[in-house]
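The next block holds one structure in the form of structure tokens; read it before the comments.
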Number of protein chains: 6
Amino acid sequence: MYDPAQARIEAQSVKAIIEKLEGNSDPDFRVRALLIKEQRAELVKHHLWVLWTDYFKPPHFEKYPQLHTLVNEATKLAGASGTKGSADLKAADQLLAKIDEIADIFWETKKAA
Amino acid sequence: MYDPAQARIEAQSVKAIIEKLEGNSDPDFRVRALLIKEQRAELVKHHLWVLWTDYFKPPHFEKYPQLHTLVNEATKLAGASGTKGSADLKAADQLLAKIDEIADIFWETKKAA
Amino acid sequence: MYDPAQARIEAQSVKAIIEKLEGNSDPDFRVRALLIKEQRAELVKHHLWVLWTDYFKPPHFEKYPQLHTLVNEATKLAGASGTKGSADLKAADQLLAKIDEIADIFWETKKAA
Amino acid sequence: MYDPAQARIEAQSVKAIIEKLEGNSDPDFRVRALLIKEQRAELVKHHLWVLWTDYFKPPHFEKYPQLHTLVNEATKLAGASGTKGSADLKAADQLLAKIDEIADIFWETKKAA
Amino acid sequence: MYDPAQARIEAQSVKAIIEKLEGNSDPDFRVRALLIKEQRAELVKHHLWVLWTDYFKPPHFEKYPQLHTLVNEATKLAGASGTKGSADLKAADQLLAKIDEIADIFWETKKAA
Amino acid sequence: MYDPAQARIEAQSVKAIIEKLEGNSDPDFRVRALLIKEQRAELVKHHLWVLWTDYFKPPHFEKYPQLHTLVNEATKLAGASGTKGSADLKAADQLLAKIDEIADIFWETKKAA
């Protein structure tokens, strides 16, 4: 069962944590929020990697030549150069947008199968 | 510290387990060997994914246009369609060869940095 | 971000694996399938436990007096006495039905919030 | 082997960490302590969930009608609304008291078996 | 909170699984039992390693010159050359005996502290 | 496949993180760096423990009577009393030196085998 919803749910958690971080300067709160953000973002990456390696096949990469770059950029937005390494709400929104693009391709390939 | 040696060491473990499986029909032995092969192959995938997302940057993908496909094929050889889903020695050798290709690119980019 | 879809996606994986097990007597295939079923079923349990502890609050348990038993039965169907300990398609269907009941309550409480 | 001692040992670790946090304002020390508290509290939850799903059976829930609520409250005290989300020594003591109540029921059911 | 009970509880699980394996030739049952034995035995090793590295200090190793060998042998009995790699009830009993020896030293050092 | 390179790569990561911590007082940056240091240092410990239990055999401990102490000290340098509990560059260098000593013994035993 592959489903881009798994990455999306975790990415929404990342965004929700970033929103909470913006309004809170308590150091202990921030530690815990940053720690959970790290775990959720790692799960985003993992679910996207699984789609890229286990679900998508060579014909998909031929039909969607942007797919490699798209998944790579999405995982970078989930990773150290994105929502892991910062608490940047814009990065979280960009990540969600990329996941939606991947999901669109995913469901197109499902219909075509 | 990124180092393709991490993926390579785990891939060598995968190969060594496949070699042991070939000469052994004891069911309990096979269960344990298949279980450890699963874990080692998962680590191969993980280490390669980390290189692809966290180490390699857009200029690398421009300079090495084969890099996306190379890493994708290597992770597929580590995954369900490769050494995870089979005990095929040839798949293990192909996986090691792909990792060596990735490592060559990795060290070239390091020198260039 | 709590979402019963997470448990459902994993439970559908459990069901898909059980279907594959029914038509396949290759011992190595079965080992790998049983191993992945174990992991997926563990994730079903985990996602349900998280809902039960972290999402549902005392007023929910008052309003839905069956909720404790429902979640307990669902996790048992995911666990050793259910789809973990057997390859019983009926148990997988019962698990999915229980998750749907939990999801119905979940979305009702969301609307009420 | 089910044994409520597993949850109790981790809960005592949670309490010990909270005690250390009270006397220390070094930010780096606090990060590491909060991180370990998070991990230990997660283990408390996990061990309690396992008892609730895998050890306790319908006749136990009939005989001890408070058992669902008791385990739910204990996991909440280990979770975000309890010792995970705060460094409150009282929450740690309440958690230990709840675990002791669960352990009492556990050992009664063992004797009855 | 260090407590040799953690290693002991997992080792008792390992022993209980080996006892169940002896009376059961169903291949699917054996796969699942061997898988859980692997996980429990890994936890035995982990808990013993933590004691060896994090709890025991140089003065303990001086006072108990057999302690290094004792812990090393216990982890070997939990590992591939012991209860992980076999379903040998004698290995499980030897493992429990070693853990008891370690626990005796542990509690002596606690009293002396 | 045992290879002390696994512990060394993670220990170099620990050192690199400590170097980054020295020049950065941003609290959020420090939280994330300390968290990753914790994970990397745990992997150093794990890889060393695996060598100690699974690779090294009684004849090795006889031939290298310092081996138990050496591995114990290395894991302590990776653990709470070393690079986990501090951001001390000297501890990171001592850890790398110990790993190199273990690696020297490892490769000697490999040649002798």
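The values are calculated or read from the model by the stated rules, or taken from the named source; none is laboratory data. Quantities reported herein were computed from a predicted structural model and do not represent experimental measurements. For neighbour counting, all protein chains shown are included, and Cβ atoms are generated from backbone atoms with ideal geometry for every residue, glycine included.
State which residue is nearest to E:Ala33 (Cα to Cα) when the search covers only region C:47-90 and only residues that are assigned to a helix (DSSP H, G or I) and among the β-branched types (Val, Ile, Thr).
Step by step, filter region C:47-90, then rank; the result is C:Thr75.
Do we have any residue at all in region A:37-55 that's farther than 28 Å from B:Gly85 by Cα, acidic (Asp, Glu) and touching a residue at least 60 places away in the same chain (Cβ under 8 Å)?
No; the residues of region A:37-55 include none that is farther than 28 Å from B:Gly85 by Cα, acidic (Asp, Glu) and touching a residue at least 60 places away in the same chain (Cβ under 8 Å).
Condition check ((1) closer than 17 Å to D:Ile102 by Cα; (2) surrounded by 23 or more Cβ atoms within 10 Å (Cβ to Cβ)) across all residues:
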| residue | (1), (2) |
| --- | --- |
| D:Tyr2 | yes, no |
| D:Val14 | no, yes |
| D:Gly23 | no, no |
| D:Leu48 | yes, yes |
| D:Lys57 | yes, no |
| D:Lys63 | yes, no |
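Would you check which residues across region C:1-32 are modelled with pLDDT of 95 or more, part of a loop (DSSP other than H, G, I, E, B) and either touching a Ser or Thr at 6+ places or on another chain (Cβ under 8 Å) or not charged (D, E, K, R) (or both) and list them?
C:Tyr2, C:Pro4, C:Asn24, C:Ser25
Can we say E:Ala97 is closer than 27 Å to C:Lys37 by Cβ, at pLDDT 95 or above and part of a helix (DSSP H, G or I)?
Against the criterion (closer than 27 Å to C:Lys37 by Cβ, at pLDDT 95 or above and part of a helix (DSSP H, G or I)), E:Ala97 does not qualify.
Go through region B:65-88 and give me each residue that's among the β-branched types (Val, Ile, Thr) and surrounded by fewer than 22 Cβ atoms within 10 Å (Cβ to Cβ).
Within region B:65-88, B:Thr69 is the sole residue that qualifies.
Given the condition crowded, with 16+ Cβ neighbours inside 10 Å and part of a loop (DSSP other than H, G, I, E, B), answer yes or no: does some residue in region C:36-46 qualify?
Looking through region C:36-46, none of the residues is crowded, with 16+ Cβ neighbours inside 10 Å and part of a loop (DSSP other than H, G, I, E, B).
Looking only at region F:19-35, count every residue that is more than 11 Å from every other protein chain (Cβ to nearest Cβ) and in contact (Cβ under 8 Å) with a residue 60 or more places away in the chain and tell me the total.
Qualifying residue count for the region: 2.
Please list, ordered by first then second residue, the pairs with beta carbon atoms under 6 Å, 6 or more apart or interchain, first in region F:70-91 and without any contact (Cβ under 8 Å) to a residue 40 or more places away in the chain and at the interface with chain E (Cβ under 9 Å from one of its Cβ atoms), second part of a loop (DSSP other than H, G, I, E, B) and among the small types (Gly, Ala, Ser).
F:Lys76/F:Gly82
Going through region F:36-69 one residue at a time, which ones are within 11 Å of chain E (Cβ to nearest Cβ) and of a type in the set (Ser, Thr, Tyr)?
F:Thr53, F:Tyr55, F:Thr69
For region C:26-69, give me each residue that is touching a Phe, Trp or Tyr at 6+ places or on another chain (Cβ under 8 Å) and among the aliphatic types (A, V, I, L, M).
C:Val50, C:Leu51, C:Leu67 - these are the residues of region C:26-69 that are touching a Phe, Trp or Tyr at 6+ places or on another chain (Cβ under 8 Å) and among the aliphatic types (A, V, I, L, M).
If the Cβ limit is 9 Å and pairs must be 6+ apart or interchain, which residue in region F:4-16 that is within 14 Å of F:Trp49 (Cα to Cα) and facing chain B (nearest Cβ under 7 Å) pairs with which residue that is of a type in the set (A, V, I, L, M, F, W, C) and surrounded by fewer than 20 Cβ atoms within 10 Å (Cβ to Cβ)?
F:Ala5/B:Ala5; F:Ala5/F:Ala103; F:Gln6/B:Ala5; F:Gln6/F:Leu43; F:Gln6/F:Val50
Filtering region A:92-101 down to residues that are in contact (Cβ under 8 Å) with a residue 24 or more places away in the chain and out of contact with any Lys or Arg (no Cβ under 6 Å at 6 or more places or on another chain), which residue is surrounded by the most Cβ atoms within 10 Å (Cβ to Cβ)?
Initially, region A:92-101 is screened for residues in contact (Cβ under 8 Å) with a residue 24 or more places away in the chain, giving A:92-93, A:95-96, A:98-101.
Next, from what is left, pick out any that are out of contact with any Lys or Arg (no Cβ under 6 Å at 6 or more places or on another chain): A:93, A:95-96, A:98, A:100-101.
Working: A:Asp93: 15, A:Leu95: 29, A:Leu96: 19, A:Lys98: 23, A:Asp100: 13, A:Glu101: 18.
Applying the filter and picking the extreme gives A:Leu95.
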